[in-house]
Amino acid sequence: MTSLDTGLSRADAQNAAREVRKRKVQAFLFVVPLLVFVVLAFVAPIATMLYRSVHNPTVANLVPETLAALSDWSGETLPDDAVLTQFAVDLKRMANDRTSGQIADEINRALPGMSSVVKATARSLRRVDDADLATNGAALLLAANDRWAEPDTWRALKAAGRVYTADYYLTSVDLEHTAGGGIVQRDTQIYKKLYVKTLRMALIITLLTILLGYPLAFYMAHASDGLANFLMVFVLLPFWTSLLVRTTAWIALLQTNGVVNSTLMATGITDAPIEMLYTEFSTIIAMTHILLPFMVLPLYAVMRGIDSSFMRAAISMGSRPLGAWYKIYLPMSLPGLSAGALLVFIISVGYYITPALVGGTDGQMISNIIAFHMRESNNWELAAALGSLLLLLILLLYWLFDRFVGTDNIKLG
Amino acid sequence: MKKNLTLLATLALTASPLAAQDLTVTSFGGAYGAAQKEHMIDPFVAETGTNILFEDYGGGIAEMKAQVEAGNIQWDVVDIEVIDLERACAEGYLEVIDQSVLPAGDDGVAAADDFIEDALANECGVGNIVWSVVFAVNTENGPGPQTIAEFFDTEAFPGKRGLRKRPQVNMEWALIADGVAPEDVYETLATEEGQARAFAKLDTIKADIVWYDSWSQAPVLLNDGGAQMVQSANGRIFAAIQDDGAPFQIVWDSHVYDLDVWAIMKGTPNKEKAMEFIQFATRTVPLSGMQDVAYGPTRRSAQALLPESVKQDLPTAHLDVGLKADGIFWADYGETLGEKFNEWLLQ
């Protein structure tokens, strides 16, 4: 139809359309590397993390027959001997394959203290011959440890055998399933406290960077170009220095016989060294230092763009300097302040290396526990659940920020 | 799924610096690592021309577990404390070693008779040293505690205590300090009440503990004043006193003695080379070299080579006041107590 209206032949229109398509494809090809990178490095890991936090097939793969036999068990009494014998046979096979440790870990997560029971039983069953085990498995299992006679143990096995589960999220907020199916507080409360502590520390760090960064950025923005550039080097130099070097420098400064303590003692301010390293205090002070450029740079960029005649006009019309700053300058520098605060806060919520190095046990943040579950306890599912909650928390905070401050009010320069 | 994640991680990190190595041997570093390098690694490299990357780790099975479960084996040979060996072997992180290929001692006695009993007790390892976890005090500011009970007495002996950040040995010590007889320690620790009792005792010094991860940090903490007393492998303190003249004292009361073995990571592509290294490193002469850091060799033929003067510094001279580390207990309870310990740390 268009071809008739514009006087173009059908062939011309097709050519033009082909040309447009070609350009679109070309443009798309340009962004393909970025797209692939984003998918591989960002979308895929996060999707995997979310999936992992609810999906754990380990037990289902290790003892499928036992779980099948358990499927129509009421959960009230001890399962019948056929189930017990099947599990005893499975346990011997796993002991020989060297996989009994895996199932012990998994059952232990559902019912703490079971790891030693499973492992010791597996070790004793290794020596029993197959025929004996097939006929007499249940009795051997019950003889190996009293806990095999408790329905709780089998409920734990059944629970551990579920491929999809929300239990890791319950653990992340210090809750657990009871035998009856209800949800109660866990005996040891760890993670909720850690989330609160992480947010509190991030908030303190953000406030400290504002306190230190705002006056500095203000001074730099209104200094002569030469002086501003000179000062900028001092902001950027630590920014370019390795994170590890800066963190280690704080260790040298804050340790028991470090620079700060020897100075305090030499000047007679204190008699004995103050314990500063491996505390929450040292984590906060080192992170404030490390994150300060993230506050200063956006603030400086925005303040450079503020015309100083506004302030002069306000003062010449009778406003006090502080009042003029509050009414004129602060609202105009707010986009930079928002950007800096958001950057510092979000980076510090997920910070890992500095608390790990200078935090001791007192200054640990949620990211350190996630790393612990990834690297040491090998509970990747719980690590994924904790990580997903952290992601959710940050999205929630961003939403709140958008509600009250507005994301249009963010400016990096 | 772990494989996929690891693949992503590997893609992200691209070139691995380990690619050029024929064999990666992992041990505990510090003075002990230096002695192993001098008497085992360097002679082996000279004799066979193999490139060896000699790495450090802090002990425990976590890193082995991660490598095996992710199917990404980075180590070939690893030095393991027997307190962790049973668990690592039972959970399938180590290869089974054919002990019949071990060479006879230099005096001609067959390996099976030359090695001390515990050295070949586990099918996944070949004994390397007899060593001990002791505590040491810095005597610069006067004498320190002389018993485990005094180590837990913060009133009589104020100051920071450096402890290795894991339940092993700390739990045993807490019970002994609380009055449990050494021979009942593991039996007590197997019960809920015993575990609660150990944590309660550790609570009394919790505020004064400086945690460290790797044995090599122990003498450093004692030296720079980070702690007034530290838990340590005996050889590290011995080396600091011997080589640097440090004002340290080793306290043998209730030391927990153990063996270290050489083991091979499960699934390593260099298994033959790894076995070749272990055969070399556990011959009489390389083993006797471990006396440099006051660790007893695990071959009788190597013990015969030791001068009288070093024998009093070896754990074997103090067995009457010591407790033998129970690898089987820790194989069974390592996971449970590890988790409880970590929760206790965070409380």
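The values are calculated or read from the model by the stated rules, or taken from the named source; none is laboratory data. In this text, all values refer to a predicted model and were calculated from it rather than measured experimentally. Here the Cβ positions follow ideal geometry from the backbone for every residue, glycine too, while neighbour counts run over all protein chains shown.
What to note about this one:
Yes/no matrix, rows are residues, columns are (1) under 30 Å from residue A:159 (Cβ atoms); (2) free of Cβ contacts under 8 Å to residues at least 40 places away in the same chain; (3) surrounded by 13 or more Cβ atoms within 10 Å (Cβ to Cβ); (4) not assigned by TED's automatic domain parsing to the domain that holds residue A:157:
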| residue | (1), (2), (3), (4) |
| --- | --- |
| A:21 | no, yes, no, yes |
| A:34 | no, yes, no, yes |
| A:53 | yes, no, yes, yes |
| A:64 | yes, yes, no, no |
| A:69 | yes, yes, yes, no |
| A:73 | yes, no, yes, no |
| A:78 | yes, no, yes, no |
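- Every test in (1) surrounded by fewer than 16 Cβ atoms within 10 Å (Cβ to Cβ); (2) modelled with pLDDT of 90 or more is passed by residue A:274 save one, and that test is (2).
- Some residue of the range A:329-344 being more than 30 Å from residue A:399 (Cβ to Cβ) and assigned by TED's automatic domain parsing to the domain that holds residue A:384: no
- Subset of the range B:312-333 that is within 8 Å of chain A (Cβ to nearest Cβ) and over 19 Å from residue B:127 (Cβ atoms) - its residue that is modelled with the highest pLDDT: B:333
- Members of the range B:184-237 that are more than 30 Å from residue B:310 (Cβ to Cβ) and not in a helix (DSSP H, G or I): B:190, B:191, B:204, B:205, B:209, B:210, B:211
- Checked against the criterion of being over 21 Å from the mean Cα position of the chain (by Cα), hydrophobic (A, V, I, L, M, F, W, C) and within 30 Å of residue B:339 (Cβ to Cβ), the candidates A:190, A:251 yield just one match: A:251.
- Being free of Cβ contacts under 8 Å to residues at least 12 places away in the same chain, in the same structural domain as residue B:216 (by TED's automatic domain parsing) and not in a loop (DSSP other than H, G, I, E, B) holds for only one residue in B:150, B:155, and it is B:150.
Residue-by-condition table, conditions (1) in contact with a strand residue (DSSP E or B) (Cβ under 6 Å, 6 or more places away or on another chain); (2) within 14 Å of another protein chain (Cβ to nearest Cβ); (3) surrounded by 20 or more Cβ atoms within 10 Å (Cβ to Cβ):
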| position | (1), (2), (3) |
| --- | --- |
| B:215 | yes, no, yes |
| B:218 | yes, no, yes |
| B:222 | yes, yes, yes |
| B:225 | no, yes, no |
| B:231 | yes, no, yes |
| B:237 | yes, no, yes |
| B:249 | yes, no, no |
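- Flag for residue A:134 being surrounded by fewer than 17 Cβ atoms within 10 Å (Cβ to Cβ) and more than 26 Å from residue A:167 (Cα to Cα): yes
- Residues being touching a residue at least 24 places away in the same chain (Cβ under 8 Å) and within 30 Å of residue A:262 (Cβ to Cβ) - total across the range A:276-330: 17
- Of the helices (runs of 4 or more DSSP H) that lie entirely inside the range B:25-118, those containing 3 or more residues that are within 14 Å of another protein chain (Cβ to nearest Cβ) and either of a type in the set (Gly, Ala, Ser) or surrounded by fewer than 17 Cβ atoms within 10 Å (Cβ to Cβ) (or both) span B:62-70.
- Index of the failed condition, residue A:278 passing every other in (1) assigned to a helix (DSSP H, G or I); (2) within 14 Å of chain B (Cβ to nearest Cβ); (3) within 26 Å of the chain's Cα centre (by Cα): (1)
- Qualifying positions in the range A:120-156 - in contact with a helix residue (DSSP H, G or I) (Cβ under 6 Å, 6 or more places away or on another chain) and within 17 Å of residue A:75 (Cα to Cα): A:147, A:148, A:149, A:153, A:156
- Considering the range A:1-19, the residues that are in a helix (DSSP H, G or I), of a type in the set (A, V, I, L, M, F, W, C) and surrounded by 10 or more Cβ atoms within 10 Å (Cβ to Cβ) include one that is modelled with the lowest pLDDT, namely A:4.
- Some residue of the range B:265-286 being within 14 Å of chain A (Cβ to nearest Cβ) and either assigned to a helix (DSSP H, G or I) or buried (at least 21 other Cβ atoms within 10 Å of the Cβ) (or both): yes
- The lone criterion from (1) over 14 Å from the mean Cα position of the chain (by Cα); (2) within 11 Å of another protein chain (Cβ to nearest Cβ) left unmet by residue A:344 is number (2).
- Going through (1) more than 10 Å from chain B (Cβ to nearest Cβ); (2) over 32 Å from the mean Cα position of the chain (by Cα); (3) among the small types (Gly, Ala, Ser) one by one, residue A:120 falls short only on (1).
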